[in-house]
Structure formats: C-alpha cells, structure tokens
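The values are calculated or read from the model by the stated rules, or taken from the named source; none is laboratory data. These numbers were taken from a predicted model, which means no experiment stands behind them. When we count neighbours, we look across all protein chains shown, and the Cβ atoms used for this are built from the backbone with ideal geometry, even at glycine. With ligands, DNA and RNA removed, areas are computed over all heavy atoms of the protein, side chains included. Shrake-Rupley method; radii C 1.70, N 1.55, O 1.52, S 1.80 Å.
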Amino acid sequence: MNRWLSWTRLVAVMRKEFIQMRRDRMSFALMVFVPVMQLVLFGYALNNDPRHLPTAIISGDATSVTRSLVAALQNSGYFKLTTPPASHAEASRLLELGRVQFVIDIPAGFTRQLMRGETPVLRVDVDAADPVAAGNAITTLLQLSQQVLKQERLAVPAASATVKPPFELRLHRRYNEEGVTAYNIVPGLMGVILTLTMVMMTALGVTRELERGTLENLLATPVLPHEVLMGKMAPYIIVGYIQVGVVLLGAEVLFQVPMAGSLGLLSFGVLAFIVANLTVGITFSSLARNMTQAMQMSFFFMLPSILLSGFMFPYRGMPEWAQWLGEVLPLTHFLRLVRGIVLKGSGAADVWPHVWPLLVFTGVVLALGVKRYRRTLD
Amino acid sequence: MSGAIIEVEGLSKSFDGKFAVRNLSMSVRQGEIFGFLGPNGSGKTTSIRLLCGLLTPDAGQGRCLGFDIRRHAREIKRRVGYMTQGFSYYEDLSVRENLEFIASIYEVQNPHLVVQRALEQLGLTPRQKQLAGALSGGWKQRLALAACLLHEPKLLLLDEPTAGVDPQARREFWNEIHRLAAQGVTVLVSTHYMDEAERCHRLAYMTDGRLLAQGAPSELMAASGLVTWSVGGGHDRALEQRLRELPAVEDVVSFGTTLYVSGTDAAALETQLTAVNADRGLVYRRVSPRLEDVFVHLMRTAAEGHA
Ligand SMILES: Nc1ncnc2c1ncn2[C@@H]1O[C@H](COP(=O)(O)OP(=O)(O)OP(=O)(O)O)[C@@H](O)[C@H]1O
Ligand SMILES: [Mg+2]
C-alpha cells in the first residue's frame with residue numbers, strides 16, 4: 001500500500017460524495033437544468049433573426065433615389081420605420097432610450113454628391129448592445145443600398161471591383177463597438193455554465209463538512225488531504241460531462257450550431273477545463289471559514305471569468321492589463337479551445353496551446369488547496 | 001506492553017489568548033477506564049483533541065500509544081477510536097453507508113464483514129438502511145460507537161458518549177465499555193454523570209482548564225477529607241437554612257426527604273449538628289461522601305485558592 005495515496009481511501013471518499021450528491025436532489029436537478037435554461041434564454045436572443053426593428057430615418061435629401069432606398073428598407077421586413085424625428089438630438093435620444101435600434105441619417109445633398117461621383121456619407125447609428133439582434137439587419141442594409149443604387153444606375157458596375165464604392169456607409173455601433181457573432185455564444189455558454197456549477201458546488205464541499213461538524217471526525221481519521229480533495233472532485237467531473245452533453249445537444253437541436261471538429265478532442269479539452277475549475281472550487285473550500293465565505297469567493301471568481309475571458313466582451317478590445325488578467329483565467333483558454341474545435345474544426349496541434357495553460361493552472365491551484373487544507377481544528 | 005498508554009506533561013492550549021487547557025499532566029494506563037469530569041467549558045473536549053492530534057498544543061509534550069503527539073499524529077489517528085461530543089457522521093448517508101465509509105477510510109481488511117458484525121453487535125442491523133440523520137439521539141450514539149470500534153483501536157477517546165441517552169441504553173453502553181476494557185482496550189471517557197464516574201477505574205477532574213485532582217473514585221473521596229451526614233425525619237426550608245448557616249457546614253443538598261450535609265472538619269460538624277438536634281427529633285447518620293459532593297468541594301476550594 002502506497003504511503004502517500006491509498007486507493008481504498010480515495011474510492012471511499014468518492015463513493016461517499018457520489019451518494020451524497022445523489023441524495024441532494026435539488027442541487028442535482030439544478031446542475032442539469034441550469035444549462036438547459038441558460039441555453040434557451042441565451043439562445044432565444046440568438047436564434048431569432050429579428051425583424052421589424054424600429055428604425056428612425058432622418059432625411060435631409062428628398063429625391064427619387066433616397067425615396068426608393070427608404071422603400072426598399074421598409075419592404076425588406078427588417079426595418080420598421082417610425083415617424084421621422086425632428087432633429088438629430090431627438091433621434092439620438094430615441095436610440096438611447098431603446099425606442100429605436102437604428103438611426104439612418106441621409107445627409108443633405110446625398111443624391112447630388114452621388115451624381116457628381118463624390119463619396120457621400122450614409123451614417124447609420126446602431127444600438128449594438130444586443131449585437132446578435134442587429135447583425136442580420138445590418139447585412140441587409142448594406143445589400144439593399146447597393147441594389148437600390150444599381151437600379152437607379154448610380155452604382156458602379158460590379159465588374160470594376162477596384163473602383164471605390166459610390167458612397168460610404170459609416171456604421172456607428174453603440175454600446176458594443178465590436179459585434180460578437182452568434183455562434184460564439186453557444187460554445188462560450190458551455191464554458192460559463194461549467195465555471196458556474198463546478199466552482200460553486202465544490203466550493204461548498206469542505207466548508208459544508210466544517211459547518212456540519214463532520215470534518216472533526218474526518219480529521220481524526222488517517223485520510224490524507226489530497227485524498228479528500230480528489231475524492232470530492234470526482235463526482236463533478238461526471239456532472240460536468242452531463243452539462244456539456246446537454247449544451248451540445250441543445251446547440252445542435254435548437255440552434256443548428258455546426259460541430260466542425262472532433263468530439264473526442266473536445267471531451268479531452270472539457271476534462272482539462274472541468275478539473276481546472278474544480279480545483280478552484282475546492283481550494284476556495286479549503287480557504288473559507290464557512291459556506292457564506294465560500295459562496296462569496298466563488299462570485300469573485302465568476303465575475304472576472306465572465307467579463308474578462310472574451311465571453312462578454314471581445315478579448316482584443318480590452319485594455320492590456322485586463323488581457324493579462326484574462327490570460328490567467330481558465331475560461332479564456334477554454335473559449336479559444338472550444339470555439340476552435342466547434343466552429344473551426346481545430347485539430348490536436350491547434351488546441352494544445354490552449355490546453356497546457358489549463359494544466360498549469362490546475363497544478364498551481366491544487367497545490368495551494370492541499371497546502372491550505374486544514375489538518376487540525378486549530 | 002503494559003504501562004502508560006497516555007503520558008502527557010504540561011500541555012497547554014489557548015484560543016484567542018484565553019486558556020482552554022493549562023499545564024495538563026496526566027497518565028492513563030493500559031486497560032483502564034479513565035473518566036474525565038468537569039463543568040461545561042472546563043477543557044475536557046480540548047484536552048481530548050490535544051491527545052489525538054486534532055489540536056496542536058501551545059506548550060508541553062506527550063506520548064499517546066507510544067507516539068509523540070506533536071510529530072506522529074497520523075500514527076496515533078490510525079490506532080485511536082475517537083467519538084466526538086456532537087454527532088459527526090453523515091446524516092445523509094445510511095447507517096450502513098456511514099460504517100462502510102469509515103471502515104474503508106481505516107483500510108480495514110474485509111470491510112463488508114466487519115461492518116456486518118458491528119451492526120449485529122450493537123443491534124443496528126434492523127436500522128442499517130435508515131439515514132443517520134433520521135436516527136434518534138440514542139441510536140446516533142450507538143452508531144458513533146460502532147463506527148469508532150471498526151478498526152479495533154487500542155485506545156478509545158469518548159467525549160460525552162452518553163449525553164441525552166436513556167438509562168437503559170446508558171447501562172448497556174457502559175457494559176460494552178467494560179467488556180472492551182477487559183479485552184485490553186484503554187478507554188478515556190468524559191462525562192457529566194456521577195454514576196458513570198463511579199464506574200471508572202480512575203478519574204480526572206478539571207475546572208477552568210486545570211486538572212484539579214486525579215485518582216480512583218475512593219482515593220478522591222478520601223483525599224478530599226470530606227465528611228457527610230444524612231439528616232432524615234421531617235425537613236423543611238427553615239431547617240435547611242439553619243444547617244447551611246452552621247460554620248462547619250460546607251454544603252447542604254436535599255434528596256427527597258433527606259438532607260445531606262457535608263464539611264471537612266468532622267468533629268466540629270458533629271458537635272454543631274447535635275446542637276441543632278437538641279430541640280428536634282431528627283435522625284442523623286454518617287454516610288460516605290458522594291462523588292458529586294467531592295467535586296463540588298474541589299471546585300469550591302479551587303475557587304477560594306484563586307480568590
Ligand atoms: N475552537 C475553539 N475556539 C475558541 N475557543 C474554544 C474552541 N474550543 C474550545 N474553546 C474554549 O475553550 C474552553 C474549553 O472548552 P471545551 O470544549 O474543551 O470544554 P468542555 O469541558 O468540553 O465543555 P463541555 O462540558 O461543555 O463539553 C471553553 O471556554 C471554550 O469556549
Ligand atoms: Mg466538551
């Protein structure tokens with residue numbers, strides 16, 4: 001029998017944790033249904049190709065060209081024109097209040113400038129706080145304006161692609177300067193859900209024993225700290241895989257997100273990520289003095305994970321210090337990994353650069369957790 | 001090996017600058033049932049935790065089962081059965097699952113069989129599938145005792161194992177303890193019950209983190225120098241008050257219709273009591289002091305020593 005790890009003891013702890021998890025129906029149900037709920041909530045915004053988006057047009061140029069442009073926009077079904085605002089200020093206010101999603105500003109002399117071969121500016125302000133909702137509408141806007149101008153024989157023939165376009169469509173995204181594309185969200189959601197449940201559930205692991213008084217007994221037995229910690233983590237690996245399965249299935253069935261890469265490779269990456277999060281939870285659990293503290297620590301970990309990993313805001317748009325911080329977080333690497341595999345079909349070699357940081361992270365955090373695990377009641 | 005199973009010298013432990021145990025020295029011999037007594041907060045639990053390595057002493061040293069309590073806590077843990085004061089098994093596991101868990105943690109050979117036998121021995125077989133949290137207090141205690149016996153420890157540390165247990169179950173519990181002691185197991189047990197204290201081979205009495213006295217129950221009685229008289233035949237509050245005011249009387253306790261009067265000065269006590277009896281038809285009898293009176297006396301003298 002090995003002095004530093006007893007298989008019997010490790011299995012005993014795992015078995016006990018499994019039974020306890022199974023008996024805790026409420027938590028178990030939550031762990032399975034939270035992914036479904038999140039997926040539907042997030043997915044609803046992403047799946048809908050929203051139409052009839054409220055749009056305000058400020059036209060300083062009433063010509064047949066602009067009239068047919070406006071008519072085409074309306075006919076596309078994507079835009080619902082509101083009563084034209086009186087001023088730019090009012091239009092801006094409507095956007096701010098969320099009454100309209102788009103403000104299209106056709107400047108005075110737009111048609112004249114076009115005729116002369118100059119490049120007038122068609123300014124479009126878009127509320128991109130929900131980039132997904134706006135994405136398709138913007139694409140339509142671009143296509144339509146090209147079409148209309150072609151009909152009006154003002155556009156340059158497609159053949160001479162090198163010639164600059166007749167007008168400049170200046171898109172101003174507000175509230176979210178870079179658009180995040182729809183498909184990025186589902187794989188990202190997988191990472192967020194895993195972080196949430198893995199960290200939170202295990203963070204309660206040791207503190208629960210401390211609060212219920214069972215830790216005194218456990219500490220009086222010959223069980224070793226890492227046996228307890230590893231044994232407590234094991235059941236959640238299975239929970240994690242169930243969650244991943246639910247998200248992947250949901251992504252496929254509900255939103256037809258393509259799965260470009262290998263499932264085997266994804267499972268491997270998922271394992272590395274799950275274990276990384278479990279070590280965070282279990283380490284919090286060793287550091288905290290009670291369950292409330294453990295929960296608070298989990299929240300402190302959740303926030304930067306969601307904000308700085310590239311899930312919420314585009315990674316490259318963040319300030320440098322935030323990127324450095326993000327680089328430490330497992331979710332950052334997992335997002336790259338999972339987006340690579342699911343969307344781009346990355347292979348093992350492409351994925352490795354995102355896996356080893358997870359392994360390093362796990363090692364460091366677990367060492368801290370084992371070191372801080374209480375061996376006495378002092 | 002006979003001789004001292006527990007041998008500690010000058011153990012001290014304080015929490016937030018307040019002493020919980022100070023300068024504890026004691027020794028417990030093999031096969032002995034050693035009782036630990038003292039009022040709430042006197043440091044019994046803390047002492048037991050120090051002995052099995054659950055707490056690190058601030059000062060002092062000692063050996064438990066031949067292992068240094070500071071350096072070889074793990075070796076001690078393997079060989080000790082510790083029953084905590086509060087129930088500390090898993091309430092969401094069944095009786096059987098709890099026992100199987102503990103058996104595997106101690107790497108007991110053939111755990112299934114060992115658990116089976118433990119269940120039978122303590123009459124837990126019909127309840128093996130019940131969740132531990134659903135057991136009544138007495139059954140929880142039995143489960144806890146069964147669990148700490150699984151690995152056949154050489155030393156049992158039992159912290160108030162019979163608190164809140166009915167008299168019948170308590171008696172069975174103590175028969176079990178005596179049976180184990182007869183097999184050579186050393187038992188250190190803390191309790192608040194005097195009848196249990198009388199069933200111990202030796203006792204230690206603590207107050208305020210200090211060990212006040214140590215020895216066999218009869219030795220403690222003799223050493224206290226306490227003399228007790230029972231006063232029967234028509235007692236009322238006025239008489240009790242009057243006896244209490246006698247200079248030689250240290251304590252008066254009433255049990256039913258009998259008063260027990262004790263003091264250390266035997267001769268003075270006798271004269272003064274007789275004087276009170278002059279005008280009444282009371283029945284006096286000299287009895288052996290009860291253990292409880294001895295402890296109350298010990299506490300009182302300790303308090304006077306401090307004041
Ligand atoms: N973990 C701890 N932190 C702070 N103080 C403690 C701790 N454990 C015990 N104490 C204090 O040490 C003193 C002795 O407590 P201990 O539990 O050893 O008493 P006890 O004799 O077992 O009492 P009881 O009969 O009520 O069980 C008490 O004043 C208690 O408040
Ligand atoms: Mg106690």
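Shielding of B:69-80 by partners, i.e. mean partner chain Cβ atoms within 10 Å per residue?
Across the residues of B:69-80, the mean count of other-chain Cβ atoms within 10 Å is 2.
If every alpha-carbon in chain A counts as one equal scatterer, what log10 I(q)/I(0) does Debye give at q = 0.07 1/Å?
The computed values of log10 I(q)/I(0) come out as -0.45.
Work from the charge dipole of region A:181-377 (Cβ charges, +1 for Lys and Arg, -1 for Asp and Glu, about the Cα centre) and give the residue of A:Met302, A:Val247, A:Leu263 farthest towards its positive end.
Farthest along the dipole direction, towards plus: A:Met302.
From the Cα gyration tensor of the protein assembly as shown, with a ≥ b ≥ c the square roots of its eigenvalues, which class applies: rounded if a/c is under 1.5, or else prolate if a/b is larger than b/c, or else oblate?
Here the protein assembly as shown falls in the prolate category.
When Cβ neighbours within 10 Å are restricted to other protein chains, what is their mean count per residue of peptide A:208-217?
Averaged over the peptide's residues, the number is 5.
If you count, for every residue in A:12-24, the Cβ atoms of partner chains within 10 Å of its Cβ, what is the mean?
So the per-residue partner count for this stretch is 4.
What value does region B:257-307 have for Rg/Rh, both radii from Cα atoms and Rh as Kirkwood defines it?
1.05
Given the protein assembly as shown, what percent of its DSSP beta bridges are antiparallel, to the nearest 5?
Roughly 55 percent of the DSSP beta bridges within the protein assembly as shown come out antiparallel.
Given the options B:Val114, B:Val231, A:Ala86, identify the residue whose Cα lies farthest towards the positive end of the charge dipole of the protein assembly as shown (+1 on Cβ of Lys, Arg; -1 on Cβ of Asp, Glu).
A:Ala86
Report, in debye and to the nearest 20, how large the dipole of region B:250-307 comes out about its Cα centre when Lys and Arg carry +1 and Asp and Glu carry -1 on their Cβ.
My answer is approximately 200 debye.
Let me spell out the model: positive unit charges on the Cβ of Lys and Arg, negative unit charges on the Cβ of Asp and Glu, origin at the Cα centre of chain B. What dipole size does that give, in debye rounded to 20?
660 debye
Check the straight Cα-Cα distances from B:Lys77 and name the lysines below 29 Å, setting aside those fewer than 8 residues away within the same chain.
Within the straight-line cut-off, B:Lys77 pairs with A:Lys16, A:Lys232, A:Lys371, B:Lys13, B:Lys18, B:Lys44, B:Lys129, B:Lys140, B:Lys154.
Distance from the Cα centre of region B:120-159 to that of region B:40-66, in angstrom?
Here the two parts' Cα centres lie 24 Å apart.
In terms of modelled amide H atoms, which long-range or inter-chain residues lie less than 5 Å from the amide H of A:Arg123?
Excluding prolines and chain starts, which carry no amide H, the hits are A:Asp105, A:Arg170.
Taking the alpha-carbon distance from A:Lys150 and a cut-off under 28 Å, which lysines remain once sequence neighbours fewer than 8 residues away in the same chain are dropped?
Once the sequence-local lysines are set aside, what remains near A:Lys150 is A:Lys80, A:Lys164.
Could you give each residue of region B:43-58 its phi-based ³J(HN,Hα) in whole Hz, using Karplus coefficients 6.51, -1.76, 1.60 with θ = phi - 60°, and x for Gly or Pro?
Using θ = phi - 60°, the values come out as x, 5, 4, 4, 4, 4, 5, 5, 5, 9, x, 7, 10, 9, x, 6 Hz.
Can you grab the distance from the C-alpha centre of region A:86-116 to the C-alpha centre of region A:221-252, Å, no decimals?
That distance is 54 Å.
Per residue, how many Å² of accessible area does region A:181-377 show with a 1.4 Å probe?
Per-residue accessible area for region A:181-377 comes out at 40 Å².
What's the whole-number percent of alpha carbon pairs in chain B lying beyond 24 angstrom?
Result: 59 percent of Cα pairs exceed 24 Å.
Tell me, how many Å apart are the Cα centres for region B:182-235 and for region A:55-85?
99 Å
Under a point-charge model restricted to the Cβ atoms of Lys and Arg (+1) and Asp and Glu (-1), what is the dipole moment magnitude of the protein assembly as shown relative to its Cα centre, in debye to the nearest 20?
Charge dipole of the protein assembly as shown: 1480 debye, to the nearest 20.
Which Rg and Dmax, in Å, describe the Cα atoms of region A:295-378?
Using the Cα atoms of region A:295-378, the pair Rg, Dmax is 15.4, 53 Å.
Within chain A, which is the longest segment containing none of the trypsin sites (Lys or Arg not before Pro) that sit in a DSSP loop and have at most 11 other Cβ atoms within 10 Å?
The longest such stretch corresponds to A:154-288.
Based on Cα positions only, what radius of gyration and what Dmax would you give for region A:181-377, in angstroms?
Reported Rg and Dmax, both Å: 17.4, 54.
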